[in-house]
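The values are calculated or read from the model by the stated rules, or taken from the named source; none is laboratory data. Note that the structure is a prediction, hence the values are computed from the model and not measured. All Cβ positions, even for glycine, are placed from backbone atoms using ideal geometry, and neighbour counts span all protein chains on display. SASA here: full protein model, heavy atoms, side chains in, ligands and nucleic acids out. Shrake-Rupley method; radii C 1.70, N 1.55, O 1.52, S 1.80 Å.
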Amino acid sequence: MPKDTDQLRVRPHTKVHLHDWETAWAGTKELRHLKGDQLKQEAHEILQRNLQRLSQAQDLLWASDQYALLFVLQGMDAAGKDGLIKHVMSGLNPQGCEVSSFKQPTGEELQHSFLWRYGRRLPARGRIGIFNRSYYEDVLVVRVHPEWLEKQHLKPGHSLWRRRYDDINNFERHLTQNRTVILKFFLHVSRKEQKRRLLARLDDAQKHWKFSASDLAERAYWNDYVDAFEDALSATSTKHAPWYIIPADDKWVARALVSEILTDAIRDLRLEYPQPTQEQLAAIRKAKRLLEV
Ligand code: ATP
Ligand code: MG
């Protein structure tokens, strides 16, 4: 049965125009008629319900040891990536998941091909890997600021980005063929909402630490980022590694939607707890007898 959240998935080989994708959509069955506080409340409840489902799904992912899950999160500055990870992943068993946050590459990382540093952080089977920013930065921020390429002795140009999309698609294909499930989320905020959030960082003393002058500098490149995101989302949303464009002007709606998609994706794997062998069953019966005397 098609799910409401399917509408947020970018179909392969379609051109994404971000202005056609709402930043404040809350169109799922449960959210569509609500507004304001009621909407927040319901989104919050959906998230709570999904935390339990997600925790059970993670347990099964771990026990069955069949798949790894890679969760990729991208968005403009202040799109809510950190808060989403904090809330959506709060019910997970920390032993089975790892968050990797990617910043500007180090000198050592720049000595390697662009995928190198990400390959080192991939989740093993049974585990969830969360990429807070990812190899997509190499076709986003680097495309907006191509001077980063000079450090790798590369030259910007249409063919370089095309090759990088191909590299990414091949990399993801390789991973999915080897049992890593990949889900990619773009947190879609409006320019107006970004301004509101950046101002909040300036007005609230407890949020001052979050403020970075570079956020303001990058905001000036908004349209360049939109172009880069549109091209990247269009070129790399595939059947095996789809992009979801998550309306993110309301943080709780975004968290509810991501938690729903993530949980459904693990459930769709139809995993089962491993069946004990006859030998194991005999050992269990024997251990029980011994403990019961
Ligand atoms: P927050 O601001 O919420 O703490 P953040 O992810 O924005 O989190 P920052 O340290 O502010 O963290 O920013 C990291 C910066 O590193 C971003 O501007 C990002 O675009 C940049 N970056 C990430 N990957 C690359 C890359 N491969 N090449 C160049 N810059 C990159
Ligand atoms: Mg930042």
- Message: Looking at ASP250, ASP204, ASP264, ASP231 in this structure, which one is more than 25 Å from the chain's Cα centre (by Cα), more than 16 Å from ligand 2 (Cβ to nearest atom), among the charged types (D, E, K, R) and open to solvent by less than 70 Å² (accessible area, probe 1.4 Å)?
- Response: ASP204
- Item | Pairs with Cβ under 7 Å, 6+ apart, first in segment 138-164 and more than 20 Å from GLY107 (Cα to Cα), second open to solvent by less than 20 Å² (accessible area, probe 1.4 Å) and of a type in the set (Val, Ile, Thr) | TRP161/VAL139; ARG164/VAL139
- Across segment 1-24, which residue is surrounded by the fewest Cβ atoms within 10 Å (Cβ to Cβ) among those that are assigned to a loop (DSSP other than H, G, I, E, B) and among the polar types (S, T, N, Q)? THR14
- Would you tally the residues in segment 126-145 being assigned to a loop (DSSP other than H, G, I, E, B) and either within 16 Å of ligand 2 (Cβ to nearest atom) or surrounded by fewer than 15 Cβ atoms within 10 Å (Cβ to Cβ) (or both)? 4
- Message: Return the residues of segment 217-261 that are farther than 16 Å from VAL16 by Cα and out of contact with any helix residue (DSSP H, G or I) (no Cβ under 8 Å at 6 or more places or on another chain); say none if nothing qualifies.
- Response: ALA217, ALA220
- Message: Being in contact (Cβ under 8 Å) with a residue 12 or more places away in the chain, within 12 Å of ligand 1 (Cβ to nearest atom) and either loosely packed, with under 15 Cβ neighbours inside 10 Å or not hydrophobic (A, V, I, L, M, F, W, C) (or both) is the filter here; which residues of segment 105-121 pass it?
- Response: PRO105, ARG117, TYR118
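Could we say that ASP37 is farther than 23 Å from ARG267 by Cα and open to solvent by 20 Å² or more (accessible area, probe 1.4 Å) here?
Numbers: farther than 23 Å from ARG267 by Cα: yes; open to solvent by 20 Å² or more (accessible area, probe 1.4 Å): yes.
Yes: the conditions hold for ASP37.
Would you point out which residue out of GLY27, GLY91 is touching a residue at least 24 places away in the same chain (Cβ under 8 Å), open to solvent by less than 50 Å² (accessible area, probe 1.4 Å) and under 26 Å from ASP268 (Cβ atoms)?
On inspection, the qualifying residue turns out to be GLY91.
To keep it simple, each residue is scored yes or no on (1) closer than 30 Å to SER64 by Cβ; (2) part of a loop (DSSP other than H, G, I, E, B); (3) at pLDDT 95 or above; (4) among the polar types (S, T, N, Q).
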| residue | (1), (2), (3), (4) |
| --- | --- |
| GLN104 | no, yes, yes, yes |
| ALA124 | yes, yes, yes, no |
| PRO156 | no, yes, no, no |
| ARG163 | no, no, yes, no |
| ARG201 | no, no, no, no |
- Note on the structure: Of the residues in segment 207-219, those that are surrounded by 11 or more Cβ atoms within 10 Å (Cβ to Cβ), within 10 Å of ligand 2 (Cβ to nearest atom) and assigned to a helix (DSSP H, G or I) come to LYS210, ASP215, GLU218
- Only unsatisfied item for LEU183, checking (1) in contact with a helix residue (DSSP H, G or I) (Cβ under 9 Å, 6 or more places away or on another chain); (2) in a helix (DSSP H, G or I); (3) away from ligand 2 (no atom under 16 Å from the Cβ); (4) open to solvent by less than 40 Å² (accessible area, probe 1.4 Å), is (2)
